[in-house]
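None of the figures in this text is laboratory data; all of them are computed from the coordinates on show. All values reported here derive from a predicted model rather than from experimental measurement. Neighbour counts run over all protein chains shown; Cβ positions are idealised from the backbone, glycine included.
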Amino acid sequence: MNSASNGTGQTELTMITLLRQRNFAFLWFGQLVSILGDWVLFVALPFYVYNLTGSVLATGGMFVIRALPSVVFGSFAGVLVDRWDRKRTLITADLSRAALLPLLLTVHSLEGLWIIYLIAFVESTISVFFYPAKSAILPHLVAARSLMAANSLDAISTNLTRLIGPSLGGLLMGGVGLLGVVLVDTASYLISGVMITCISLSTDRAEERRVQSIAALRWMPLWRDWVAGLAFMQQERWLISLFVTNGLVMLAEGIINVLFVVFVQDVLQGGSMEFGWLMTVRGLGSLVGGFIAGYASTRLVPMHMMTLGAVATGLVFLAMFNASALPAVLVLFALSGVTWVPYAVSLQTQLQSGVIDHYRGRVFGAFGTMSALMLLSGAGLASALGDVLGIVPLFDSVAALYVGAGVVVLVMLRRRQGASQPVEGGNQVAD
């Protein structure tokens, strides 16, 4: 079956018609609500920790603890996702997190700080299982040619909640306190779990073979299953290229995460207000990028969109980080959101359509681990070299990393012209 990017003999599938498909709509709406709740907690909890401790180090520790599970458990989680029923995994993850969060309300003093850290770590660990399962199940909910449009809608919901969630979290924390934040995030997980429960999955031949293989896998040691997944990834050169491409991008993003505040203060001579403006325009740009990716999904091969998105983002960053006028930086940072989302959507689509269903969980698990490692590596490089090399030269390297990622994709294009053809493993969903 041809993908949406080819458009030969196929009816153009819009994002609006995709939302009319029952199964996808349940997943999309559930995730819209759930991610909104995540942003509420993500903003409020560090403030709560800082109010308890008065320590910047203790507050920063929250971010490290939330990142660790992806590094430690990501690849292993993918093995189990391939063994388990994915719909059941998603529901269990949502209900588990909903049951876990109210425990935060038991902490009222500095002595209970370890409980907050433990809950944050466990919640992030559960999420490590949720996201590979979600990515692996999506090709069973929509037709192969609409995967790009589905991922574009996912990007739109993510960036829409990024605009609303932080403000809502701040309002709840200031007005109601931690109780309101916990209730909202807990409710969001419950709503997501109910929505996923309503999804009706038909069993195709690829899924039948995967279920049959699970019976044999139960008797195989987990490490052998993990090694089998690594062997599959090593055999697929195009897949290795995607890992390398996104590794470069995540390294760049890690540098940005550490130094962007310094850039705003020292280069732009701004403060928290200017920083907030920049975050808002980036979110607005990313929303536009989601719509552009959905529109282009019937016109461009995912590999082409990845190349254009990565190179364009690198060039925009090069111009932005060498500008000193806030209005120019605002425009360029918004534009970077427009160019980055098509890259990310295309990458996700390639992984879903190009990996056979039996290995999808392991591939997405390993991908999450690699991304987290490179993000932390970029943060470490920025911390170590920021004072030595200077802010602008390091940000110029960020632009170079993005352009380099685009070059890797371009080389891969020449080796794998048929990369946009989906591999067996997704349902033939009617439009």
With -39,500 (n - 2.57) per DSSP H segment of 4 or more residues and division by the full residue count of the chain, the 222 nm estimate, nearest 500 deg cm²/dmol, is -27500 deg cm²/dmol
A correct fewest-to-most ranking of 340, 238, 39, 114 by other Cβ atoms within 10 Å would be 114, 238, 39, 340
Expected sort for 304-317, 274-287 on mean C-beta neighbours within 10 Å, highest first, is 304-317, 274-287
Packing-ranked peptide list from 183-189, 327-333, highest mean Cβ count within 10 angstrom first, is 183-189, 327-333
Mean Cβ-within-10 Å packing, highest first, puts peptides 130-138, 375-383 in the order 130-138, 375-383
Sequence order, segment 303-320: Karplus ³J(HN,Hα) from phi using 6.51 cos²θ - 1.76 cosθ + 1.60, θ = phi - 60°, Hz rounded, Gly and Pro as x, gives 4, 5, 5, 4, 4, 4, x, 5, 5, 4, 5, x, 5, 5, 4, 4, 5, 5
Scoring the chain by relative contact order with C-alpha pairs under 8 Å, at least six apart, yields a percentage of 30 percent
Here the alpha-carbon Rg of segment 249-403 over 2.2 N^0.38 Å rounds to 1.09
Mean 1/r over distinct Cα pairs of the chain, inverted to a Kirkwood Rh in Å, yields 22.3 Å
So for segment 87-139, using the alpha carbon gyration tensor with a ≥ b ≥ c as root eigenvalues (a/c under 1.5 gives rounded; past that, a/b versus b/c decides prolate or oblate), I'd call it prolate
